[in-house]
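Below you'll find the structure, written out as structure tokens, and then a few comments.
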Amino acid sequence: MSCSNYDWNAYTLGELDSAVRRNAEAHARSCAACREELARLRLTLDALSTLREEEPPRRIAFVSDKVFEPRWWELFRTPSFAGALLIAVAILVHTFARPAVNEKQIEMVVARAVADVETRYEKRLLAEYEEYQKQERLNYMKNARLVRQ
């Protein structure tokens, strides 16, 4: 007999007719390879029987399922969209609601500011120069008294 004639999986699970089963048992007693195959199948069946039975989920959801994707109008309710929309509106308002720029007016303001800074600088420079001259006169007078004596 050929070993390929026997379905050892069905034999191990007890699904064979009694005549076919007796025939397979007789062959397994005489064939070492089939006995080894039966031993592996029984070991696998014993290992599987130690696992607890769990009910499989009714539906397995995948990331690519369209069921879990938001509809297009639901995107408007997300915080990131609201933030982006707020920034876009602010940019548009800033672009179109600004008053027109008058360059002559800007030049006048800049010229006035520069003139004010120059005036303050000149006053400070004059005050420092007068203080320096005063100090020099005092030093001269002290030295002149020392020479006279």
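What follows is calculated from the coordinates using simple rules that are stated; it is not laboratory data. The structure presented is a predicted model; accordingly, all values stated were derived computationally and were not measured. For neighbour counting, all protein chains shown are included, and Cβ atoms are generated from backbone atoms with ideal geometry for every residue, glycine included.
Things to note:
- Selection from C3, F96, L45 lying farthest towards where the dipole of the chain points positive, charges on Cβ: F96
- Stokes-Einstein diffusion coefficient of the stretch 3-49, Kirkwood radius over Cα pairs, 25 °C, 0.890 mPa s, in µm²/s: 227 µm²/s
- The ellipsoid that matches the Cα gyration tensor of the stretch 101-149 has semi-axes, each √(5λ) in whole angstrom, of 47, 4, 4, with the longest given first.
- Extension gain (nm, one decimal) between Q105 and A84, 0.36 nm per residue minus Cα-Cα: 4.0 nm
- Per residue, the convex hull volume that the Cα atoms of the chain enclose (Å³): 518 Å³
- On the beta carbon distance between L45 and R21, with R0 = 25 Å, the FRET formula returns roughly 0.95.
- Taking the Cα centre of the chain as reference, the dipole from Cβ charges on Lys and Arg (+1) and Asp and Glu (-1) amounts to some 1080 debye.
- Between helix 18-30 and the chain: long-axis angle, C-alpha atoms, 0 to 90°, nearest 10: 80 degrees
- Helix 79-96 vs. the chain, principal-axis angle (Cα, 0 to 90°, nearest 10): 30 degrees
- Against the chain, whose longest principal axis is taken from its Cα atoms, helix 103-148 shows a tilt of about 60°.
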